[in-house]
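Remarks on the structure that follows.
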Amino acid sequence: MLSVTIYSFSFKRGLPVDASGNGGGYVFDCRSTHNPGKYDEYKTLTGLDQPVIDFLENDGEILTFLDSVYALVDHHVERFIERDFEHLQVAFGCTGGQHRSVYCAEHLAKHLKEKYNVKIELIHREQGINRKL
């Protein structure tokens, strides 16, 4: 069964290491989307908090970004399943690894879990959160 590791991270702290040893996967840069971290009311929140989720979704830019991500990653997952590959890593980076990247990692994990029979490890590196889905 394919395992997909999904990271959120801060570019300031460098790219996540691929512990699988295959060194492959995707790194998506979320910094082109509107940053809630620029506004005082969101500075202490993360992409897991409803006010940040509402901010990102009402703006809409992140949804368009994720549509493109889903198209790329879905194809990759399908090919990896067909070829009996064991691991894929996908990472989302932003300025602080707190808002946009966390939101994107959460939503990709949910998308993949609903669509495919895969194991998912979700790691929000800067938040110190690691979950298996």
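Rounded to the nearest 500, what is the 222 nm mean residue ellipticity of the chain from helices alone, with -39500 (n - 2.57) per DSSP H run of 4+ residues and division by all residues?
Working: 3 runs with 48 residues, N = 133.
The per-residue figure over the chain is -12000 deg cm²/dmol.
Loop-located GluC sites (Glu not before Pro) in the stretch 43-133 (DSSP state other than H, G, I, E, B) with a sparse environment of at most 15 neighbouring Cβ atoms within 10 Å: E86. Using a simple spin-label model with points 7 Å from Cα along the Cα→Cβ vector, what separation in nm is obtained for I129 and D29? Between I129 and D29, the simple spin-label model gives 2.6 nm.
Along the stretch 120-133 the Karplus relation, 6.51 cos²θ - 1.76 cosθ + 1.60 evaluated at θ = phi - 60°, assigns HN-Hα couplings of 10, 10, 10, 10, 9, 4, 6, 8, x, 10, 9, 10, 9, 10 Hz to successive residues, with x for each Gly and Pro. Whole-Hz Karplus values for the stretch 6-20 come out as 10, 10, 10, 7, 9, 4, 4, 9, x, 6, x, 7, 8, 6, 6 Hz, taken residue by residue from phi with 6.51 cos²θ - 1.76 cosθ + 1.60 and θ = phi - 60°; glycine and proline positions read x. Straight-distance candidates among the lysines for linking to K12, with alpha-carbon spacing under 27 Å and chain neighbours fewer than 8 residues away dropped: K38, K43, K110, K132. Here the dipole of the chain is about 400 debye; that uses its Cα centre as origin and unit charges on the Cβ of Lys and Arg (positive) and Asp and Glu (negative). Under 12 Å Cα-Cα from K119, which aspartates and glutamates qualify once same-chain neighbours fewer than 8 residues away are excluded? Of all the aspartates and glutamates, those that pass the test against K119 - Cα under 12 Å, at least 8 places apart if same chain - are E86.
Taking amide H positions as modeled 1.01 Å from N, with prolines and chain starts lacking one, the residues under 5 Å from Y7 and 5 or more places away or on another chain are V90, A91, F92, I123.
With neighbours defined as other Cβ atoms within 10 Å of a residue's Cβ, the residues L108, L133 order from fewest to most as L133, L108. A Stokes-Einstein calculation at 20 °C with viscosity 1.002 mPa s, built on the Kirkwood radius of the stretch 3-132 over Cα pairs, returns a diffusion coefficient of 145 µm²/s. Computed over the chain, relative contact order equals 46 percent, with contacts defined as Cα pairs under 8 Å that lie 6+ residues apart. With both labels modelled 7 Å from their Cα along Cα-to-Cβ, the T44 to K115 distance reads 3.7 nm. Derived scalar couplings between HN and Hα for the stretch 106-119 equal 4, 6, 5, 4, 5, 4, 5, 5, 6, 9, 10, 8, 10, 8 Hz in order, rounded to whole Hz, by the Karplus curve 6.51 cos²θ - 1.76 cosθ + 1.60 (θ = phi - 60°), x for Gly and Pro. Each DSSP beta bridge with both residues in the chain is either parallel or antiparallel, and the antiparallel ones are about 20%.
Shown for I6, I62, I81: other C-beta atoms within 10 Å of each C-beta, ranked fewest to most, produce the order I81, I62, I6.
In the chain, a dipole from Cβ-located charges (positive for Lys and Arg, negative for Asp and Glu) runs towards its positive end, and of G21, H99, P51 it is G21 whose Cα lies farthest in that direction.
What list do you get for F85, F28, F9, F92 if you sort them by fewest beta carbons within 10 Å? Present the calculation step by step, with values, prior to reporting the outcome.
Working: F85 15, F28 21, F9 24, F92 29.
Placing the least packed residue first, the sequence is F85, F28, F9, F92.
Once C-alpha pairs closer than 8 Å and six or more residues apart are averaged by separation and normalised to the residue number of the stretch 1-66, the relative contact order reads 22 percent.
Please determine, in degrees from 0 to 90 and to the nearest 10, the orientation of helix 61-82 with respect to the longest principal axis defined by the Cα atoms of the chain, where the helix direction is its Cα long axis. The angle comes out at about 10 degrees.
Quick note: the coordinates plus some simple rules give every number you see, no bench work behind them. Here the structure is a predicted model, which is why all the values come from computation and not from measurement. Ideal geometry is used to build each Cβ from the backbone, glycine not excepted, and the neighbour counts take in all protein chains shown.
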